[in-house]
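The structure appears below as structure tokens.
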Amino acid sequence: MKSPRNFDRLAGIYCALEHVAFGRDLERARFVHLDWLKESRSILVLGEGDGRCLEQLVSAAPKARIDCVDFSSAMLARAARRIAGDEPAQRVTFRQADLLTTDLPPAQYDAVITFFFLDCFTAPQVNDIMARIRTSLRPDALWLWADFAMPANSLARWRARIWLAGLYAYFRWQTGLAARELPPVSQCFLEMGFVRRAELTLQWGLVRSEVWLFQPNYQRMISP
Ligand SMILES: C[S@@+](CC[C@H](N)C(=O)[O-])C[C@H]1O[C@@H](n2cnc3c(N)ncnc32)[C@H](O)[C@@H]1O
């Protein structure tokens, strides 16, 4: 499958690059909330990457069937190798697909994971992807989200702006990413009926990891 948006060339060096840039903080962001999924039965993982999350997830959610979707065949191959031969491999399905153009697997998931995935897209693309994910979720489903973010503190914002400009330029060069700035993910969560249940901030606010609960009947209180 060919597309300008392709992470294949980064699959082999992605982990090393990340460790050089941020140490273990992105892994902390991915793993810190996985315990929330220990009772989950059906989990959708979008933009899984090289399988480091999946390797932890199969233990953290021992009863779950897991659908893993990623556009990069090289990333999916790495993820599959990490769990190959183990019992959990029977519970995992890999699917190579472009989330911008294909439908999500037709299941009613009780959890979804997007780690450092939504920030690959523009605001309209994120709105569309999140709306489609929403229709695949059961009420009370959990959404584990981690991404880069803009900190509140003004000094930290300057640091973040420099990092984000560099990261977007690098990924645009390497993968043809269309996005040039962070999409308004938190706003989409709130507008789509999600309530934040947990959060962790790392790297002076540049990295956020959150748990959102899907409450489709929840009416957000908006001050007049
Ligand atoms: C920045 S990496 C993040 C990988 C991993 N989730 C992590 O925590 O590091 C983005 C991942 O999303 C995948 N991806 C990007 N655009 C995609 C699309 N349109 N459809 C499906 N997967 C996509 C890439 O192949 C890559 O594995």
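The values are calculated or read from the model by the stated rules, or taken from the named source; none is laboratory data. Not measured: the values here are computed from a predicted model. Neighbour counts are summed over all protein chains in view; Cβ atoms, including those assigned to glycine, are modelled from backbone coordinates with ideal geometry.
Key figures
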{"item": "Among the residues listed as Arg30, Arg9, the single one being in a helix (DSSP H, G or I), under 19 Å from Trp145 (Cβ atoms) and not aliphatic (A, V, I, L, M)", "result": "Arg30"}
{"item": "Enumeration of residues in segment 152-170 that are among the aromatic types (Phe, Trp, Tyr) and closer than 17 Å to Arg180 by Cβ", "result": "Trp163, Tyr168, Tyr170"}
{"item": "Counted residues, segment 198-223 - those being at pLDDT 95 or above, among the aliphatic types (A, V, I, L, M) and farther than 30 Å from Trp158 by Cα", "result": "1"}
{"item": "Pairs with Cβ under 7 Å, 6+ apart, first in segment 102-125 and on the phi < 0 side of the Ramachandran plot, second within 15 Å of the ligand (Cβ to nearest atom) and polar (S, T, N, Q)", "result": "Leu104/Ser136; Ala107/Ser136; Gln108/Ser136; Tyr109/Ser136"}
{"item": "Matching residues in segment 1-58 - criterion: being under 24 Å from Ile133 (Cα atoms) and small (Gly, Ala, Ser)", "result": "Ser3, Ala29, Ser40, Ser42, Gly47, Gly49, Gly51"}
{"item": "Selected residue [within 16 Å of the ligand (Cβ to nearest atom) and touching a residue at least 60 places away in the same chain (Cβ under 8 Å)] from Arg138, Arg180, Arg208", "result": "Arg208"}
{"item": "Residue that is nearest to the ligand (Cβ to nearest atom) [pool: residues in segment 68-85 that are of a type in the set (A, V, I, L, M) and assigned to a helix (DSSP H, G or I)]", "result": "Met75"}
{"item": "For Pro88: the one exception among (1) within 15 Å of the ligand (Cβ to nearest atom); (2) assigned to a helix (DSSP H, G or I); (3) surrounded by 16 or more Cβ atoms within 10 Å (Cβ to Cβ)", "result": "(1)"}
{"item": "Condition met for Ala111 (within 14 Å of the chain's Cα centre (by Cα) and surrounded by 15 or more Cβ atoms within 10 Å (Cβ to Cβ))", "result": "yes"}
{"item": "Residue check, Val69 crowded, with 23+ Cβ neighbours inside 10 Å and either among the acidic types (Asp, Glu) or in contact with a Phe, Trp or Tyr (Cβ under 9 Å, 6 or more places away or on another chain) (or both)", "result": "no"}
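Let's see how each residue does on (1) closer than 21 Å to Glu18 by Cα; (2) in contact with a helix residue (DSSP H, G or I) (Cβ under 6 Å, 6 or more places away or on another chain); (3) not hydrophobic (A, V, I, L, M, F, W, C):
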position: Tyr168; (1), (2), (3): yes, no, yes
position: Phe171; (1), (2), (3): yes, no, no
position: Thr175; (1), (2), (3): yes, no, yes
position: Cys188; (1), (2), (3): no, yes, no
position: Gly193; (1), (2), (3): no, no, yes
position: Leu202; (1), (2), (3): yes, yes, no
position: Trp212; (1), (2), (3): no, yes, no
